[in-house]
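This report concerns only the one structure given below.
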Amino acid sequence: MIPTLPDDVAINCLARIPRSHHPILSLVSKPIRSLLSSSLLYTTRSLLSCDHHFLYLCLRVPTNPSLLFFTLHQSPHPTTSTRRHILVPVPPIPSTPPSVIGSAFAVVGHRIYVLGGSVNDVPSPHVWALDCRVNVWEPAPKMRVGREFPAAGVIGGRIYVIGGCLVDNWSRSRNWAEVFDPKTGSWNPVSSQIEIRDKWMHASAVIDDKMYAMADRGGVKYNPENQSWESVETEVDLGWRGRGCVVDGVLYCYDYLGKIRGFDTKKGEWRELRGVEGLPRFLCGATMTNLGGKLVVVWEENGGSGKEMGIRCAEIVVDRGGDGELWGKIGWSDVVLSVPKGSSIVHCMAVKV
């Protein structure tokens, strides 16, 4: 593998090299290229605490009806003519019909799961998983029913999916929600008696090992520990706008004025995130994720009269003051990709590899 070095020492050395250098490193030799895509290398990276969180983004562009996936790379040697942060394409999902809409997304370990969606208004039960270590897609076990615009969340390594399907009173308790265990590869029903009958869910989050799912006319909270359901408090329902995420137990999203706010479930109140006045107002086309404890916001930047627009990303360090105020400090903000005008962000997520 590496001349004069035992294999275990070579693996230990290669595991410490940043993942951004792997494309160049893979050109050295076939054994090294094979090792870079092996589970042994990533197990070693984890044991050495050399693994990192990577941002993945799903886009839709007018010139391509399929979902497009990218991952964020930081250039090790940026120049005046190249960006420091860039989105690199990931292979598309194979054998998937174009124009699929309303899929849900979930991250378990080093895999991104794309769940359901619909084509020509027909909900699909199909699930695909992206192994982010090697950026290869593989089919996963199908859901029990087809779903479009469901809510999805991960608790205890299991994926909970709520809504996105039409069910009658008889089948509601068995089909409206279900759970997937990646270890066994099985889907099982989650009994639900709560009186929320909305089909489409527009937002979801996991806070303190409880799943929140929001519909147009209210929301629900599910606790897997005791298998209990509750209606979501009015404060969360009225303040939850946009596609948000949870950082340090606080739910962040943008409100109807386009300002980033955080909801503290213990205090039951929304607070504006201060210190980020340089960011625009996110009235639409923005999404957020927790990238290793930092709040990352990705949005569509429409500007100029050309045929292209920018996808901009900002990384924010968030902190709670002693008085309960929320403060943010922008670490960096860059245009990470140029796309045709009319493109839209579908989802973003963080994966540790």
Scan of the stretch 207-227 for residues that are part of a strand (DSSP E or B) and farther than 19 Å from A106 by Cα, ordered by number: G218, G219
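If I ask for residues that are part of a loop (DSSP other than H, G, I, E, B), touching a Phe, Trp or Tyr at 6+ places or on another chain (Cβ under 9 Å) and of a type outside the set (A, V, I, L, M), which ones from the stretch 297-353 would you list? Give the steps one after another, and end with the answer.
Going through the stretch 297-353, the residues part of a loop (DSSP other than H, G, I, E, B) turn out to be 302-307, 321-325, 341-343, 353.
The next check asks that each one be touching a Phe, Trp or Tyr at 6+ places or on another chain (Cβ under 9 Å); those that pass are 321, 353.
Within the stretch 297-353, G321 is the sole residue that qualifies.
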Assuming S204 fulfils every condition listed in (1) polar (S, T, N, Q); (2) modelled with pLDDT of 90 or more; (3) in a loop (DSSP other than H, G, I, E, B) apart from one, which condition is it? (3)
I'd like to check something: does the stretch 75-89 contain any residue that is at pLDDT below 95, closer than 24 Å to A152 by Cα and not in a loop (DSSP other than H, G, I, E, B)? no
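Limited to the stretch 324-353, what total is found for residues that are small (G, A, S) and within 27 Å of S103 (Cβ to Cβ)?
Pass one, the stretch 324-353, residues small (G, A, S): 324, 328, 331, 333, 338, 342-344, 350.
With within 27 Å of S103 (Cβ to Cβ) added as a condition, the list becomes 338, 342-344, 350.
Result for the stretch 324-353: 5.
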Can you name the residue in the stretch 285-334 that is more than 29 Å from V353 (Cα to Cα) and in contact with an Asp or Glu (Cβ under 8 Å, 6 or more places away or on another chain) and, of all such residues, is surrounded by the fewest Cβ atoms within 10 Å (Cβ to Cβ)? G324
I'd like the residue in the stretch 138-162 that is small (G, A, S) and over 16 Å from the mean Cα position of the chain (by Cα) and, out of all such residues, is farthest from S95 (Cα to Cα). G156
Inside the stretch 42-59, can you point out the residues that are in contact (Cβ under 8 Å) with a residue 60 or more places away in the chain and of a type in the set (A, V, I, L, M)? L55, L57, L59
Scan the stretch 1-25 and report the pairs whose first residue is more than 14 Å from V88 (Cβ to Cβ) and whose second residue is among the small types (G, A, S) and surrounded by 16 or more Cβ atoms within 10 Å (Cβ to Cβ), with Cβ atoms within less than 7 Å and a gap of 6+ or a chain change. M1/A10; I2/A10
Across the stretch 128-137, what is the number of residues that are over 15 Å from the mean Cα position of the chain (by Cα), assigned to a strand (DSSP E or B) and either surrounded by fewer than 17 Cβ atoms within 10 Å (Cβ to Cβ) or free of Cβ contacts under 8 Å to residues at least 40 places away in the same chain (or both)? 1
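Quick one: is G278 touching a residue at least 24 places away in the same chain (Cβ under 8 Å) and out of contact with any His (no Cβ under 7 Å at 6 or more places or on another chain)? Step through it out loud before you land on a result.
Numbers: touching a residue at least 24 places away in the same chain (Cβ under 8 Å): yes; out of contact with any His (no Cβ under 7 Å at 6 or more places or on another chain): yes.
Here the answer is yes, as G278 does meet what is asked.
With K352, K307, K329 as the choices, which residue is over 22 Å from Y212 (Cα atoms) and touching a Lys or Arg at 6+ places or on another chain (Cβ under 7 Å)?
After applying the criteria, what remains is K307.
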Inside the stretch 143-166, can you point out the residues that are closer than 9 Å to G116 by Cα and outside any loop (DSSP other than H, G, I, E, B)? R147
Pairs returned, first residue in the stretch 138-167 that is free of Cβ contacts under 8 Å to residues at least 40 places away in the same chain, second residue that is buried (at least 23 other Cβ atoms within 10 Å of the Cβ) and part of a loop (DSSP other than H, G, I, E, B), beta-carbon separation under 6 angstrom, 6 or more apart or interchain, are V145/C165; V167/W176
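The values are calculated or read from the model by the stated rules, or taken from the named source; none is laboratory data. Keep in mind it's a predicted model, so treat the numbers as computed, not measured. As a convention, Cβ positions derive from the backbone with ideal geometry for all residues, glycine included, and neighbour counts pool all protein chains shown.
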